[in-house]
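Quick one: the structure is below, questions incoming.
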Amino acid sequence: MNLSSKKYRVLVSGITGQTGSYLADLLINQGHEVHGLVRRASSFSRSRIEHLRCDSNIYGTSLFLHYADLSDSTTIRRLISDISPHEVYHLAGQSHVGLSFEIPESTLREVAMATLSMIEIVRDLSNPPRFFHASSAEVFGEALSFPQNENSPFRPVNPYGCSKVFATNMLQVYRRTYDMFICNGILYNHESPRRSESFVTRKITLAAAKLALGGSQILRLGNIDACRDWGYAPEYADFMVRSLRHDEPGDYVVSTGTLTSVRDFVKEAFKTLGINICFEGSGLNEVGIDTGSGKTVLKIDPQYYRPVDSFNLVGDSSKAHNVIGWRPSVVGGDLAKIMANADFEIEAKRCSHD
């Protein structure tokens, strides 16, 4: 089936999330029909797709939202049967690594078992759609080699990583056993101005924006020497589409191949908004000082340390480049600039309305 030259139907779980919203933007701009799964709740945020939902030329024509919980396999089965999608992008699930230590059972249900349930539903269709699963670099955990590629062993160190190992391995089994078109994208950290404020990158850029506008809050972080392979979420959404348009299914590491420390991300974000940061002290007493005003703006807080942290995960995306032509252009420091500038604009508008 040549999907690249036709309009087709797509189902996205997690469409209201960061990457799901960018994926919806991309697919709709390409002229396709996008169906998104959203949870029914007394209150929930659709802010990331509000620009699509409020556009009368898009909502109800190119974009359709359906209520369904990941644990409700009956409803999901009915929806998938009615929609009859050409492609399914499965992005939904509890994705906060630190939180997974606090709610391991919920994480397992949402990440591991929900994925198994969804692929079983897809397998039962007479014409199964192509299926993309958003896996995670957390499957590598305590990695034995650097950088990691598709052949690196899985060694997770947190409940989220364990859940993703199960889902990734299970989909590999289904691809081989049932000859299904399934792709696992082993995604390294990917961020953007649409990232939730509970994630460290967004905490940093929001704090920088508020301080640049005259605020006096203190930014509290955990291990600022932890390093991450940070990429740009819109580029990772582009990878997802490319992987399902390729002739053959497969697994891919999706990364920038560049490590950036939390410390350097902080420096770049604050520098972008005209705030110079220096670091004093060491360990739990380390603080960052705004050298322009003398304010303490950063403190190390033990509550933000993870019980066990993945060690310097950095990916080798040679396969993604060589096979499907994907290569990232935005890495750590550039990402900090994009997010800091975006949050400055958001906060400036908010201040003007107060």
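Ignoring everything except DSSP H segments at least 4 long, calculate the 222 nm mean residue ellipticity for the chain; use -39,500 (n - 2.57) per segment, divide by total residues, nearest 500.
Value at 222 nm, helices only: -11500 deg cm²/dmol.
First measure r as the distance between the Cβ atoms of residue 276 and residue 57, then evaluate 1/(1 + (r/R0)^6) with R0 = 30 Å and state the FRET efficiency to the nearest 0.05.
0.05
If you don't mind, there's one more thing I want to ask. Work out, step by step, the length gained on full extension between residue 26 and residue 124: first 0.36 nm times the residue separation, then minus their alpha carbon distance; give nm to one decimal.
32.4 nm
Below 8 Å between Cα atoms, with a sequence gap of 6+, how large is the relative contact order for the chain in percent?
17
Still on this structure: Using only the Cα atoms of the chain, each taken as one equal point scatterer with no solvent, compute I(q) by the Debye sum, divide by I(0), and report log10 of the ratio at q = 0.14, 0.15 Å⁻¹.
Taken in order of the listed q values, log10 I(q)/I(0) reads -1.20, -1.35.
Collect residues whose amide H, placed 1.01 Å from N in the peptide plane, falls under 5 Å from the amide H of residue 218; neighbours closer than 5 in sequence don't count.
Excluding prolines and chain starts, which carry no amide H, there are no hits.
If amide hydrogens are placed 1.01 Å from N in the peptide plane, which non-local residues have theirs closer than 5 Å to the one on residue 190?
Residues meeting the amide H criterion: 231.
Here's a follow-up. Less than 19 Å from a label point 7 Å out along the Cα-to-Cβ axis of residue 46: which backbone N atoms in region 74-90 qualify, by residue?
Correct set: 76, 79-80, 83.
Which shape class applies to region 1-101: rounded if a/c is under 1.5, otherwise prolate when a/b exceeds b/c and oblate if not, where a ≥ b ≥ c are the square roots of the Cα gyration tensor eigenvalues?
Here region 1-101 falls in the prolate category.
Using a ≥ b ≥ c from the Cα gyration tensor of region 72-181 (square roots of the eigenvalues), is it rounded, prolate or oblate, where a/c under 1.5 gives rounded and otherwise the larger of a/b and b/c decides, a/b for prolate?
oblate
Taking θ as phi - 60°, what are the ³J(HN,Hα) couplings along region 156-169 by the Karplus curve (6.51, -1.76, 1.60), each to the nearest whole Hz, with x for Gly and Pro?
x, 10, 8, x, 4, x, 4, 5, 5, 4, 4, 4, 5, 5
What residues have an amide H closer than 5 Å to that of residue 36, excluding those fewer than 5 places away on the same chain, when H is modeled at 1.01 Å from N in the peptide plane?
12, 64, 65, 66
If we restrict to alpha carbons, what Rg and Dmax does region 53-133 come to, in Å?
Just the Cα atoms of region 53-133 yield Rg and Dmax of 14.6, 43 Å.
Compute the Cα gyration tensor for region 120-235, then decide on rounded, prolate or oblate, letting a ≥ b ≥ c be the square roots of its eigenvalues: rounded whenever a/c is under 1.5, prolate when a/b is larger than b/c in the other cases, and oblate in all that remain.
Note, shape of region 120-235 comes out prolate.
Please report the Cα spread of region 114-158 along all three principal axes, rounded to whole Å, starting with the longest.
Result, largest extent first: 42, 20, 13 Å.
Since every read-out is calculated from the coordinates, none of them should be taken as a lab result. Everything numeric in this text was worked out from a predicted model, so none of it was measured. Every residue, glycine among them, receives a Cβ derived from its backbone with ideal geometry; neighbour counts consider all protein chains shown.
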